[in-house]
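Any read-out appearing in this document is the output of simple, stated calculations on the displayed coordinates, not a laboratory observation. Here the structure is a predicted model, which means the values were calculated and not measured. Glycine also receives a Cβ, built like all others from the backbone with ideal geometry; neighbour counts cover every protein chain displayed.
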Amino acid sequence: MRVTFVFYCLLLALSLQAATPEVGKDKLRRLVKLPGISFQAEWTFDPETGFTLGSNGDDKASQIKTLRKDLQSDPTDADGYLRLGTLYAELGDRGNAASARSKAVQLFRKRVDLQPEDALLLAKFGRALQAAGKTEEAESVLRHAIRTDPKEWKCWLAMGRFLDAESRHDISDRAKPVAATKSNGRSSGGPANLAPDRVALAQKRLAEAGDCFDQAVTNAPAEAEVYLRRGLHRTLRSSLLNDILEASGEPKPEIEVLTDYFSPETLADLKQASRLSTKDYQLIGNVALFEIYSMNARNGKKELGEGFDWTTLPDASQRSIRQAMTQLEDLALDPDPKVAAGALEVLSILQGPVLHETNSRLVNLRRALVLDPSREQAWEMLAGTLARAEQYEELLSTCESHLKQKDSARGHILLAKAYERLKQWDNAEDQTIAAVRQTPNDLTANLSLAALLVKRSNDASVLGEANGWLSRCDQIIAGLPTPQRPRQLVIDFTLTRSVYFALADDIDSARRWVKTVIDSDQENELAKEILAAMGY
């Protein structure tokens, strides 16, 4: 007998018809929902680096591949190894990042031995030392670089970035979380137990960093990077100073914190950087999002959610965002397909949550993937948008094309969901089996199988098989540290288990399980429906 496993996507609902003549059990089977899978955020934010949009990780992976082909062990490759280490670090590959940075330090040291008074070379060497964790030597080298040539803007920029990173390390990395007590007696997690000397040092470094970035702008007013780094410095400084206030027990209201993050001064610097670097689609997207978040904060809003109405923004901001989108449209004609595809992807992000222009978003995502099929985030954005628009035939063809481009469990899951929406159950089964074979210990995969078996458990053997998979899910959940247990998946598991018990005629156990969900979430309508259906 073939076993069908189906995944439930956050954007797609499931409704299967059962064949049992028992009205109560029939309804219970129909109420079983397959677990959800989440899509990656279309952007993330860090106060030191700004917004990261779309398939930025794919861009970095492509750059790594190109760099590795060209690099040797010649001292002239020191810059390349430093860049390689940065790219690996941004992708979270600490091992390769450390190796590349160590190699960069080694090669830069050889060059500096031959050119000890080359200020620009010293600045690069200092950056490599900092990246490799040699902070004391890095600071010494960077200060020597500035003394050697105080007109070299890259020396000031390197020093400013060093001071920013060390300030963040003082406040964020070296601090130990403690429990603070509010005036009402309730305990709340304070962000850090900050020693006064660390606070004073961080504040001093942040002030000096600001001076360094100002000097870089003075020395190189036509360079985009000096404005970008100064703007992001201001955001990081606001973040760290707020952490200090919070640790002291005097936090600012969240809206004020966001207003500081997305300040007019920061926005002005990013806009100037974008004017000077017209092909940087990530920067263009940052300008647009900084402007939106800045205006939102001033209007007392914290998020850019589904209900966001961009017409609430001032006319000047609307014009600015439209201008950014026009820049992206122009970049979409760039002869470099990766630049054009990246611009189209960022443009489609703005057309989604910002303007709610679904048709234009779909057109640009398709164009991006024709130009560069490796953009993984663009594939997911396209699938999600098609699902929300209920364009299931195109969703199917999109998922098939994606799987041909990249054979992955994720791709099989998305294709299975497309088949499910079109009620092509055998095809959905084939794809889901392929996904589970690639990720046999995945909670979503196991729970999907259990749920589907429960839904078609007309005979005792199938119901027994469902129980085996539910037991496996229980083991997987138990093996996860409590903070890592996905709340929604645990709820899905609990409700599926409750239906299993009801179908197995253990009504008391079934009601206990479903009530645990209702007790923790009194608004859970599915749990209420399941409980009501047990009255047969």
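Between the helical axis of 337-349 and the dominant principal axis of the chain, each derived from Cα atoms, what acute angle in degrees is found, rounded to the nearest 10? For helix 337-349, the angle is close to 60 degrees. Within region 55-141, all pairs of alpha-carbon atoms sorted by distance into 5 Å bins from zero give the percentages 3, 17, 25, 24, 17, 9, 4, 1, 0. Separation of the alpha carbons by more than 23 angstrom is noted, of K455/K515; K455/K528; K338/K417; K65/K134; K134/K204, for K338/K417; K65/K134.
Take 523-532, 100-109, 292-301 and order them by the average number of nearby Cβ atoms within 10 Å per residue, most first; the result is 100-109, 292-301, 523-532. For the chain, the longest principal axis of the C-alpha atoms and the axis of helix 56-70 are separated by about 60°. Arranged from fewest to most other beta-carbon atoms within 10 Å of their beta carbon, R512, R361 become R512, R361. Normalising the Debye intensity of region 365-408 to I(0), with uniform scatterers on Cα atoms only, and taking log10 at q = 0.14, 0.15, 0.19 Å⁻¹ returns -0.27, -0.31, -0.50.
Across all directions, the shadow cast by the convex hull of region 433-536 built on its C-alpha atoms averages 6.9 square nanometres.
Model label points for T358 and R319, set 7 angstrom from Cα along the Cα-to-Cβ axis, are 3.3 nm apart. Extension gain for the segment S99 to E250, taken as residue separation times 0.36 nm less the Cα-Cα distance, is 50.1 nm to one decimal. Ranked by the mean number of other Cβ atoms within 10 Å of their residues, highest first, the peptides 312-318, 394-400 fall in the order 394-400, 312-318. Radius of gyration over Kirkwood radius for the chain, both on Cα atoms: the Rg/Rh ratio is 1.03. Shape analysis of region 256-407 yields a ratio of the Cα radius of gyration to the Kirkwood radius, Rg/Rh, of 1.00. Sites listed here are GluC sites (Glu not before Pro) in region 65-153 whose DSSP assignment is loop and whose Cβ has at most 11 other Cβ atoms within 10 Å: E117.
In plain terms, the chain from A200 to L480 could stretch by 96.8 nm, reckoned as 0.36 nm per residue minus the Cα-Cα distance. A straight line joining the Cα centroids of region 394-454 and region 98-125 runs 50 Å. Potential lengthening of the chain between E393 and N427 amounts to 10.8 nm, from the contour at 0.36 nm per residue minus the alpha-carbon distance. Can you tell which of G50, H412, A450 lies farthest toward the positive end of the dipole of the chain, using +1 and -1 charges on the Cβ of basic and acidic side chains (Lys, Arg; Asp, Glu)? Selected residue: A450. Counting beta carbons within 10 Å around each of L470, L201, L447 and listing the fewest first gives the order L201, L470, L447. For the peptides 418-428, 471-481, 375-385, the ranking by packing is 375-385, 418-428, 471-481, with the highest mean count of neighbouring Cβ atoms within 10 Å listed first.
Expressed to the nearest 5 percent, the antiparallel share of DSSP beta bridges inside the chain is 100 percent. Principal axis extents of the C-alpha atoms in region 95-153 (largest first, rounded to whole Å): 36, 21, 18. Taking Cα atoms only, the orientation of helix 376-388 departs from the longest principal axis of the chain by about 40 degrees.
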